[in-house]
Structure formats: C-alpha cells, structure tokens
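The values are calculated or read from the model by the stated rules, or taken from the named source; none is laboratory data. Source: prediction; values computed, not measured. Every residue, glycine as well, gets a Cβ built from its backbone with ideal geometry; the counts of neighbours run over all protein chains shown.
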Amino acid sequence: MRRVFVTQEFSELRYVQSLLGEQHIDFVTKNEHLMGTGSAAGEVPPFFCPMEIWIADDQKEEEIAAMIQRSLKAPRLVQASWRCQTCGEEMEGQFSACWKCAAPDLSSAMHAD
Ligand SMILES: [Zn+2]
C-alpha cells in the first residue's frame, strides 16, 4: 500500500476517486468518514485528519501520484466551484449536482464571485 494523495478538500478527494476508478486502479480512502457530518467521530476535528488515498500497487506509486497532480492542474478542473444551497457543501465545478444531498447546482446562474 502506498499513499498517493492527501487532501482536505472533499471535492478533490471525489475527483481523484473518480479518476482512479476510471482507470481501474485499486485504491482505498482513509479518513473520508471523518469529513462527513461529524456525527460519527465528533472527538476529532476534521482539519487534523486530511483524507488520504492509498493504492494497492506499490510499483505505481510515483506514476499514479504524478498522474493525479497533472489531472488536478488540468484546465478542465479550473471550472468555478460552487456551494450547495441545500446542505452548504462546496463542490468542484465539474459536478452539476451535489454529491452529498443530490440537489442541483442552483448557483451557476449567479456567478457570485
Ligand atoms: Zn447538498
């Protein structure tokens, strides 16, 4: 097991998870549940527990870590993020609906910069 990605941004975590999933890379996510509503692990402040993605294949650590970083910097990720008006979760621009409560992006028309 090798750690290839660490983030405190749930939107980045989701993006990397989908990226690895698309490429059929075996991975596990650590600390993801700590970033939820807080009902499960109230004793640990989320900011002390960055979320981590670990891959099963040690040989691919550098390759996959580099691929993740390239993808995060790719132009298509520069879409403006938005905040769900139903639950308040912040979303990357590539999401058209809230991953948490499935509410659609209502803020796209506003451009509240
Ligand atoms: Zn939501």
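Overview of values
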| read-out | value |
| --- | --- |
| Failed item, numbered, when A109 is tested on (1) of a type in the set (G, A, S); (2) assigned to a helix (DSSP H, G or I); (3) at pLDDT below 90 | (2) |
| Filter result for I53 (more than 16 Å from the ligand (Cβ to nearest atom), outside any helix (DSSP H, G or I) and surrounded by 15 or more Cβ atoms within 10 Å (Cβ to Cβ)) | yes |
